[in-house]
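Remarks on the structure that follows.
Values quoted throughout were computed directly from the atomic coordinates according to the rules given, and no laboratory measurement underlies them. Keep in mind it's a predicted model, so treat the numbers as computed, not measured. Cβ sites come from the backbone with ideal geometry, for glycine too, and all protein chains shown count toward neighbours.
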Amino acid sequence: MKNLSIKTIVAIGIGAAVFAILMRFVIIPTGIPNTNIQTAYAFLALMAVVFGPVAGGLIGFIGHTLNDALSYGSVWWSWVIVSLFIGLFIGLFKDRINIESGEFGKKEIISFNIVQIVVQAIGWIVIAPVLDILIYAEPANKVFVQGLVAAGVNIVSVGIIGTILLAAYAKTRTKSDSLTKE
Amino acid sequence: MKKPIIQFENFTFKYKTQKEPTLHDINLTIYEGEKVVIVGPSGSGKSTLAHCLNGLVPFSYKGDISGSLTIKGKETKELDIFTLSKMVGTVLQDPDGQFIGLSVGEDIAFALENEAVPQDKMKREVVEVAKLVDMEEKIRSSIHELSGGQKQRVSIAGVIIDEVDILLFDEPLANLDPATGVQAMALIDQVQKETNTTIIIIEHRLEDVLSQEVDRIIVIDEGRIVSDLDPNELLASNVLETCHLREPLYVKALKYAGIEVTPDMLPASLATLKIDAVKSKLSDWHDARSHSAHEENEEPILELEHIHFGYDADTPTIHDISFKINKGEMVSIVGKNGAGKSTLSKIICGIEKVQAGKIFYKNEDITTDTIAERSTKIGLVMQNPNHMISKHMIYDEVALGLIVRGLPENEIKERVDATLKVCGLYPFRNWPISALSFGQKKRVTIASILALEPEVLILDEPTAGQDLRHYTEIMEFLNELNRQGVTILLITHDMHLMLEYTPRAIALADGKIIADDSSVNILTNPEVVEKTNLKITSLFELALKAGIEDPIDFVSAFIDYDKEARMTWRTNS
Amino acid sequence: MANEFLNYVERKSPVHSLSGATKLIIFILYSTAAMLTYDTRVLIGLFILSIVIFAISKIRIREVGFVLAFILAFLLLNNIAIYIFSPQEGVKIYGTSHVLFEIAGRYNVTLEQLFYQFNITLKYFSVIPAALLFIVTTHPSEFAASLNKIGVNYKIAYSVSLALRYIPDIQREFWTIAAAQQARGIDISRKEKLGKRLKNVASIILPLIFSTLERIEVISNAMELRRFGKKKKRTWYSEKPFKKADYIVIIVGFLILIASLVITFHDGDRFYNPFL
């Protein structure tokens, strides 16, 4: 923790700001009441893959806390923890996906999506409901259904938007020195 | 004997990611207490030179160095960035990036916080420095309450609190309007006198930099030092022209009149310029030029009638604005930040809804049309092309708006190809956008809007922060579109752009129109100039100084002549 | 939905004049107490206490009105969902069933269910004034210093400060990008097919991401050139030093936490059961 580079610190701060803004303003209603597709997690996945687990976890944690606090005046810690978890664990696969190499082909897309599906499934279907039950004594069947729906929409969202973002980022990492006018 | 403070000796630097060195064999000595300006077009290596001085090269941006660079007698590559920053204070170009604190006091104190200076000592020092830059009244203000000029003052204070020996300014004028630019240069001068520092200014807006005295101007191009002269000698030479840098307009006017500019005439500023010997030559040139009348075309394409708008009910942002734009016109919209220019463009495009008033397009009321409906009539191009580009390939970016509209594929291809040809981008259609220069990216964003076939284009600050080459590239392209019949509205602070390209300008202040006149009349009208944070053009002041009878007409004559000169230059090249 | 985030409200009040670190500690103690307890008496006590503090802070209800409206809507929906999913949850917890009236099947209304849902609402509600107050009475400049003071690594504390500093800038940038893309016909609000809408959203987020990455670069350079991270420690210009009132408030805060835990758990159950 002590050796975080300035760039990582700035990435955490700015990343958290962007995460909070996306969470607040860029949501797509699914048609089911109270269930929106969050674009913020696609962004979180990108930042985690680019800047690693510490940045990913803290962007999720700080960004989600700030959004809750600044939008609603209170913090739903059970769900904030999930954001931390998702950022952290997707970030652990930074080296595996190795986006800086500029290659984001079929193989990388598949491994990124396996990672995000597993991590988000654990986050939304296990961690969030368990914390809701422990803290708020909410009915178990209610919170597990909520968790399942959240897992579904966010896995789809990261699967589509997150993959697009990562592919676009990877393309900026490739060098293009063999260009000719046509 | 002057004491050297910075010495480059056979200094070469190559970024790790690049094949060719960015700086070649630099030999340069800067002495204590000097004020030196480094000019050069974009990509000349002037920013890299600045990074070498403050340590970002090689400590943040890695690469290979050969030769030596010493600051205060110490070899910089053997130091570290923290030690260097105690000697060289850097004021970066982007005030929003440099201003890290939430309030003025906090930002000024940032370096002291990092040195773990006790709070009471820190507060005393912050007040001292804030006084120096005339911001002590604003110490508690948040960054979001400040103007661009004030942000820059805070940035300067945050650097001089370190008692550095050298102050490095990286394009300090890039984000400022002309009037604020003059104030910034005066402040830099004042800071130098009060702190006895050596000043290095990297800039390409030479005429604005020269509003204060400087000791030397170093011209750098393609990574090499091209010239190292005092300002009078430089302006008398033709170095600026060959390096695609903009000469001060009054110097250009003298040269157009066939006057040989010599260092003895002290051309570095209008105030010192000795003009008596050449007065007659200047007025002869003026007399010989007959001012051509502009033809008027009375076919309104866009009309605003009594437009009112406010983001909240009590404070109107736009107050009773009416004007008429004729087909084929090219018009500047000028005004201070916050005068309502950007809001006005959003209203015209339908992004904001008017509270009262009507908008007509070709005499048809479009006040209630949606954004999408208007986008085939009126296109909006944002200042920063990076805010618009979301595709990797040029073709895809230009096609995006058409694909969203669900057009058949063959029609999309036809329209995109046609647009790319108009914009001179057809040969690059399969290039990634990231391989393009700023000017070319701007072209891509314009093309992506043109593909929707609007007849009116609104551009927000199309040339902000661009050097002469990119400026010319963008403006000549717009000029060409204009000749092909596209009506163009430009939101700008750039006085050259107004004079050179837009015969007419609309000036806004506090959400109202204060002048709707020819650009020449606006830039020679002291009252309008003051209310819009512009400057009286130096051409007008030159004419006054030379005792020319009709100084406004002199400005017009210069513009016409300049236009012809550019035409011949274009047909020859 | 309002396009606003909650903001600091400048005012002279005893709550404002406390150090940010004190308020942060109280907020954490308060949240902990409200999270652990389900004892109705404790929750009511916490709720009344926070209303009193709210009054002392001189913050007006309408200054935080949009947030309250949202929370009320959320609580209503949440209560409905709880009832639909689990109408017998109260009976399960309290072990008795006092039926008021039947609706259909397992759906009836019991005193226990009403009491349970009253408690869960109270639990959400009791923590809101404290959180709201922490945000609107603490100047954002003090956030980072406060976090550092309670033991958070200063670099991470500073990243919170950066987030607060740049939220307005990035928000403005986001609306600029969205406007530019909308003018080309890329609309995310329209009733497009879901897949297409997701792709359209990506074309608004991408420019924002690239300019974010650029911004990270510029700010890192600016901070490095002013020696951020040079020392193990750093001081804070905006830190408010502790005064007597701060110590008193913190001690009282701890006493309240302990008291609420004792009241809650002395009988070995988290719930207060009036039905036994």
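Note on B:Thr17 and B:Ala464: with the Förster distance fixed at 25 Å, the Cβ-Cβ geometry gives a FRET efficiency of about 0.35. Projecting label points 7 angstrom from Cα along Cα→Cβ for C:Ala104 and C:Arg11 puts them 4.8 nm apart.
For the pair B:Glu299 and B:Glu241, the difference between a 0.36 nm per residue extended length and the Cα-Cα distance amounts to 16.9 nm.
Separation of the stretch C:94-161 and the stretch B:159-210 by C-alpha centroid, Å? Result: 52 Å between the Cα centres. Give the percent of DSSP beta bridges with both residues in chain B that are antiparallel, rounded to the nearest 5. Bridges in chain B are about 55 percent antiparallel.
Given the pairs B:Lys131/C:Lys149; B:Lys35/B:Lys441; A:Lys94/A:Lys171, which span a C-alpha to C-alpha distance of over 26 angstrom in this model? As for pairs spanning more than 26 Å Cα to Cα, those are B:Lys131/C:Lys149; B:Lys35/B:Lys441. Annotation: the residues C:Trp236, A:Trp77, B:Trp431, sorted from fewest to most other C-beta atoms within 10 Å of their own C-beta, follow the order A:Trp77, B:Trp431, C:Trp236. One quarter of the convex hull surface built on the alpha carbon atoms of the stretch C:136-258 amounts to 12.3 nm², the projected area averaged over directions. Modelled spin labels at B:Ser437 and C:Ile48, positioned 7 Å past Cα toward Cβ, are 7.5 nm from each other. Among C:Ser126, C:Ser211, C:Ser97, the largest mean-square fluctuation in a Gaussian network model of chain C, built with springs joining Cα atoms closer than 10 Å, belongs to C:Ser211.
Restricting the stretch B:1-85 to trypsin sites (Lys or Arg not before Pro) that sit in a DSSP loop and have at most 10 other Cβ atoms within 10 Å of their own Cβ leaves B:Lys2, B:Lys16, B:Lys19, B:Lys62.
In summary, the stretch B:335-376 shows an alpha-carbon radius of gyration equal to 1.21 times the 2.2 N^0.38 Å reference for compact globular proteins. Count Lys and Arg as plus one, Asp and Glu as minus one, and take only other residues whose Cβ is under 11 Å from that of B:Lys531; the net charge is then -1. In chain C, helices alone account for a calculated mean residue ellipticity at 222 nm of -23000 deg cm²/dmol, with every DSSP H run of four or more residues adding -39,500 (n - 2.57).
The mean count of C-beta atoms from other chains within 10 Å of the C-beta of residues in A:62-75, rounded to a whole number, is 6. Each of the trypsin sites (Lys or Arg not before Pro) that DSSP puts in a loop and that has at most 16 other Cβ atoms within 10 Å breaks chain C; the longest unbroken stretch is C:107-189.
Taking other C-beta atoms within 10 angstrom as a stand-in for reagent exposure, B:Met393, B:Met135 fall in the order B:Met393, B:Met135, fewest first.
Counting charges near B:Met135 (Lys, Arg +1; Asp, Glu -1) among other residues having Cβ under 13 Å from its Cβ returns a value of -2. Counting neighbouring beta carbons within 10 Å and listing from fewest to most, the residues B:Glu260, B:Glu247 come out as B:Glu260, B:Glu247. All C-alpha to C-alpha distances of the stretch A:77-182, sorted into 5 Å bins beginning at zero, yield P(r) values of 2, 12, 19, 19, 14, 11, 8, 6, 4, 2, 1, 1, 1, 0 percent in whole numbers. Report note on the peptides C:256-263, A:64-71, B:512-519, A:95-102: ranked by the mean count of other C-beta atoms within 10 Å, highest first, their order is A:64-71, B:512-519, C:256-263, A:95-102. Each helix, a run of at least 4 DSSP H residues, gives -39500 (n - 2.57); summed and divided by the residues of chain B, these come to -11500 deg cm²/dmol at 222 nm. Report the far tail of the P(r) of the stretch B:1-122, meaning the percent of Cα-Cα pairs longer than 21 Å. It works out to 48 percent of all Cα pairs.
Is the shape of the stretch B:172-329 best called rounded, prolate or oblate, per the rule: a/c under 1.5 gives rounded, else a/b larger than b/c gives prolate, else oblate, with a ≥ b ≥ c the square roots of the Cα gyration tensor eigenvalues? Note, shape of the stretch B:172-329 comes out oblate. The alpha carbons of the stretch A:1-154 give a radius of gyration and a Dmax of 15.4, 47 Å, in that order. Each principal axis of the Cα cloud of the protein assembly as shown was taken in turn, and the coordinate range along them, longest first, works out to 110, 69, 57 Å. Per residue of C:133-145, other chain Cβ atoms within 10 Å of the residue Cβ number 3 on average. Set against the 2.2 N^0.38 Å expectation for a compact globular protein, the stretch B:180-222 has a Cα radius of gyration ratio of 1.19. Give me the percent relative contact order of the stretch C:1-154, please, defined on Cα pairs under 8 angstrom at least 6 residues apart. For the stretch C:1-154, the relative contact order is 42 percent. The translational diffusion coefficient of the stretch C:199-276, from Stokes-Einstein at 10 °C and 1.306 mPa s with a Kirkwood hydrodynamic radius over alpha carbon pairs, comes to 83 µm²/s.
Under the rule a/c < 1.5 gives rounded, and otherwise a/b versus b/c splits prolate from oblate, where does the stretch B:137-204 land using the Cα gyration tensor? The shape class here is oblate.
Convex hull volume per residue, computed on the Cα atoms of chain B, equals 173 Å³.
Taking chain C as a Gaussian network of alpha-carbon nodes connected by springs under 10 Å, the highest mean-square fluctuation of the residues C:Glu173, C:Glu142, C:Glu224 belongs to C:Glu224. Centre-to-centre, using Cα atoms only, the stretch B:479-533 and the stretch B:107-151 are separated by 37 Å.
The value of relative contact order for chain A, using C-alpha pairs under 8 Å at least six residues apart, is 24 percent.
For the pair A:Ile110 and B:Lys353, a Förster radius of 45 Å applied to the C-beta separation gives a FRET efficiency near 0.45, rounded to the nearest 0.05.
Other residues with beta-carbon under 15 Å from the beta-carbon of C:Val15 carry, at +1 per Lys or Arg and -1 per Asp or Glu, a net charge of +3.
The Cα atoms of chain C give a gyration tensor whose axes a ≥ b ≥ c have a/c of 1.5 or more with a/b no greater than b/c, which makes the shape oblate. In sequence order, the stretch B:527-533 has phi-based couplings of 5, 5, 4, 5, 6, 10, 6 Hz under the Karplus curve 6.51 cos²θ - 1.76 cosθ + 1.60, θ = phi - 60°, and Gly or Pro positions carry x.
Counting Cβ atoms of other protein chains within 10 Å of each Cβ in C:149-159 and taking the mean gives 5.
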